[in-house]
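Only one structure is covered here, and it is reproduced in the block below.
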Amino acid sequence: MVSKAMAIAHAIAHAVAHAGAMGLHASTHAWIAYQGLSWVLDLTMPSVILIYGATGGIGSCLARMLASEGHQLHLVARDASRLGALATELGARWTVADVLEPDAFARVSDEAPRALDGLVYAVGSINLRPLARLTATDLSRDFQLNAAGAALAIQAALPALRASGAGASVVLFSSVAAGRGFPLHGSLGMAKAAVDGLTRSLAAELAPAIRVNAIALSLTETPLAGNLLSNPRTRESISSMHPLGRLGQPEDAAHFATFLLSSRSNWITGQVIGVDGGRSAIASH
Ligand SMILES: NC(=O)c1ccc[n+]([C@@H]2O[C@H](COP(=O)([O-])OP(=O)(O)OC[C@H]3O[C@@H](n4cnc5c(N)ncnc54)[C@H](OP(=O)(O)O)[C@@H]3O)[C@@H](O)[C@H]2O)c1
């Protein structure tokens, strides 16, 4: 905060001094100072954001990035102690909720702010099994967690998203496995393909007031991928399948999510965009 305050003071002083040196009118000084201020503060960013899955690898990284830029956050996850600790660290409000329980979304909306500029749904699963071992419960759980949960979260937040002064932005998470076929990904690929369909449908239905986009990730180093990455040989082998030569980091996803939440992306809606080390589009060597 100190460095940001110093940067703001520096930007204003610089802008006003520059305008003075050029013999400009006072209103021009004010305009230039405002430009300096908005550059430093990024006033184009939304300010009130609801994050489901906020304590996860990606959710917590994004929450920290947004909090460091001064945004007001409302955080959701199941584990009360981890959620409370993160919310306290970031000066955020929070609701403990399980998205597999029917009353979760109404409760979150009751406790979240009345106007929201952004909603992020960063809850999901990596349930990899051959078709022969997938149960009906696996299929419906993966669908609920990844796709239906996202739809219900947006539905419950609609009045608040519509109340955003600046136009709201919704960010969902899909997977490279929705657009490409991988063995063992039947349930996950199906659920994430539903996220892609949801993204495009809601982007059409809610435009122009609310933008809806999804980030389609390849394997990213978070607790969700922990089991898969615990074996060093598997880890090395999966890394090498990415043309950019490495696994994803939470920051890769969070940086792009902050862009999609900001008004810098305000002509982008209905898109499913790969943040995947090139895995969806190009072959590795
Ligand atoms: N990591 C990857 O390789 C990868 C790849 C493709 C797509 N994605 C997608 O990226 C998004 C973020 O994933 P991540 O890797 O950050 O996952 P993560 O580290 O496992 O975090 C998941 C978050 O969701 C919360 N959560 C889990 N189940 C929940 C439930 N039933 N109700 C409410 N909250 C619940 C978790 O907290 P609690 O346990 O306390 O509830 C945690 O905050 C997900 O949509 C995922 O499918 C990830």
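Coordinate-derived values only; no laboratory data. Treat the numbers as computed from the prediction; the structure is a model and nothing was measured. Every residue, glycine as well, gets a Cβ built from its backbone with ideal geometry; the counts of neighbours run over all protein chains shown.
Points to keep in mind about this one:
- Residue under evaluation Asp98, criteria (1) closer than 23 Å to Ser201 by Cα; (2) within 16 Å of the ligand (Cβ to nearest atom), criterion not met: (1)
- Residues satisfying the stated conditions in segment 199-243, i.e. part of a strand (DSSP E or B) and near the ligand (Cβ under 10 Å from one of its atoms): Ala214, Ile215, Ala216, Leu217, Thr220
- Each residue in segment 155-193 was checked for being closer than 30 Å to Gly278 by Cβ, surrounded by fewer than 19 Cβ atoms within 10 Å (Cβ to Cβ) and in contact (Cβ under 8 Å) with a residue 24 or more places away in the chain, and 5 of them qualify.
- Any pair with Cβ under 7 angstrom, 6 or more apart, that starts in segment 108-123 at a residue that is over 18 Å from Thr199 (Cβ atoms) and ends at one that is within 14 Å of the ligand (Cβ to nearest atom) and in a helix (DSSP H, G or I): Val108/Ala156; Ser109/Ala156
- Residue match in segment 230-243 (condition: exposed (fewer than 14 other Cβ atoms within 10 Å of the Cβ) and among the hydrophobic types (A, V, I, L, M, F, W, C)): no
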